[in-house]
Amino acid sequence: MKKYLVFISALLVVISLVACTPKVEQVEITFKQNRPEIDGQLKAFAEAYEVETGIKVNIVSCGGSSCSLEEMLKSDVTSSNLPEIFVINDIEAYDQWATFAADLSAEKWVSDTDFALKTEDKVVGFPVSIEGWGMAYNADLLEAAQIDPTTLNNYDAYVAAFAKLETMKVDLGIDSVVSMAVGTNMYWYTGDYIFNSLLSEGLTYGDLSVTNDLLAGKVDTIRLNMFAEWIDLIFSYADKTILTSGDYNSQVNAFLNQKAVFLHQGSWVDGNLKEATFNMAFAPNGSTKEVSDGIFVSVSDWYVVNKDAKHVEEAKDFLEFMVYSQIGQDYMVNKIGLTPAFKNFTIEPKGKLSRSVFTWVKAGKVYSLNQNYFTDEFRFSKISPMYDQLANDILTVEQFKIIITRAFTDNAK
């Protein structure tokens, strides 16, 4: 009986100690993002992260036609409930949220990427994924033509390669050397991605010298003339029907069906090229006489950490886990199909062109996206029709040079 009473007393002591132990509150952070199509994958990743760290991440996805992330975040500000992490898609969007952005300059991942969003004195955005674009090529057809793609790095090299391929069209079974489309339904591409070659080809990533000069109406005639000659060269070796009246699908399908050796497009076409049986990659553009050793790369979105949130450090840790854990790398590359913006990744994209982009990124050979410093009206209403007119022989290349120069000077007034 005495032993029983001792046992009961001990048990009561344990119960009282447990009852008096303070309850540890689980740390939770909230992450609001703009792509509903990856909501399931992101929530699965958040669950895996909680298992690894004990930190709960609440995922809120808002985008598409039914939900505006920007409006949701504005409402959050009003109610003093802005999440730990949220998404922005360009520097203009950042300006709206600059007062909330934490300084991420000291984060480990900063040294492993060229694509962090930066202000003059600090890093403010975590790059989500990247896209590359330019001269995609069919490596098998180039090998058959005995053309080394590594030599395709300036205007003169392309002149020689295009001329040789033109004489081999029957032997190679191609309809044209280049697959290109510049009609009105392709202004989204011509106004952005072709135009960008003039702005950043051959320049250090983030160099805005040419962009700022053109915004001020100062035109480097030599650079602009070479750009015009490059565009005219591509058009001269493109299928005329696809060039002038084709759309995205007809342009990409000509490349997929090996009816063209080159495709001037971006890595986003990987989804259309899943059935391709040939090897492919990106080569530099040829818009200058000088050797160009890089391709154009842009960031789709950036993650921003709210400096005033309750759990800022935990939010930073979550982003670091994305970059340096195998779980995070698998999520970003395999689960949602991103091309990583970080050089340390050991998991590479599955798409052939995305893999090529990642190779250029790891080598640090990239040029930036600068066209968004010009207005949509200038790019799509002023510049894009000029390509269309050149393709349809309404303008000669010399006339093209004159009117595009005038467009820059008028834009600066």
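Read-outs: derived from the displayed coordinates by stated rules, not from any lab. These numbers were taken from a predicted model, which means no experiment stands behind them. For neighbour counting, all protein chains shown are included, and Cβ atoms are generated from backbone atoms with ideal geometry for every residue, glycine included.
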(request) Assuming a ≥ b ≥ c are the square roots of the Cα gyration tensor eigenvalues, decide whether the chain counts as rounded (a/c under 1.5), prolate (otherwise, with a/b larger than b/c) or oblate. (result) prolate
(request) Would you compute, from DSSP H runs of 4+ residues alone, the mean residue ellipticity of the chain at 222 nm, taking -39500 (n - 2.57) per run and dividing by the full residue count, rounded to the nearest 500? (result) -12000 deg cm²/dmol
(message) Given contacts defined as C-alpha pairs under 8 Å and at least six residues apart, what's the relative contact order of the stretch 126-256, whole-number percent?
(response) 33 percent
(message) Using a 7 Å offset from the Cα along the Cα-to-Cβ direction at both Val159 and Asp90, what is the distance between the two label points in nm, to one decimal?
(response) 3.5 nm
(request) Please identify, among Ala181, Ala228, Ala106, the residue showing maximal mean-square fluctuation in a Gaussian network model of the chain using a 10 angstrom Cα cutoff. (result) Ala106
(request) Would you mind checking which residues have amide H under 5 Å from Asp301's amide H? H placed 1.01 Å from N; only 5 or more apart, or other chain. (result) Val128, Ser129
(request) In whole Hz, with x marking every Gly and Pro, tabulate ³J(HN,Hα) for the stretch 369-374 from phi via Karplus 6.51 cos²θ - 1.76 cosθ + 1.60, θ = phi - 60°. (result) 8, 10, 5, 6, 6, 9
(request) Mind pulling the angle between the C-alpha long axis of helix 352-362 and the longest principal axis of the chain? Nearest 10 degrees, somewhere in 0 to 90. (result) 80 degrees
(message) As a quick test, which of the pairs Lys74/Lys307; Lys169/Lys352; Lys108/Lys350; Lys74/Lys218; Lys310/Lys365; Lys289/Lys382 have an alpha carbon distance above 28 angstrom in this structure?
(response) Lys74/Lys218; Lys310/Lys365
(request) Classify the stretch 157-203 as rounded, prolate or oblate, taking a ≥ b ≥ c as the square roots of the eigenvalues of its Cα gyration tensor: rounded when a/c is under 1.5, otherwise prolate if a/b is larger than b/c and oblate if not. (result) oblate
(request) Measure nothing but the geometry: give the 0 to 90° angle between the long axis through the Cα atoms of 69-78 and the longest principal axis through the Cα atoms of the chain, rounded to 10°. (result) 40 degrees
(request) Report the relative contact order of the chain, percent, no decimals, based on alpha-carbon pairs under 8 angstrom and at least 6 residues apart. (result) 25 percent
(request) Quick one: angle between helix 397-411 and the longest Cα principal axis of the chain, in degrees between 0 and 90, rounded to 10, please. (result) 50 degrees
(message) What whole-number distance in Å separates the alpha-carbon centres of the stretch 170-203 and the stretch 253-321?
(response) 16 Å
(request) Please give the peptides 74-83, 189-198, 154-163 ranked by average Cβ packing (other Cβ atoms within 10 Å per residue), highest first, as a rough proxy for protection. (result) 189-198, 154-163, 74-83
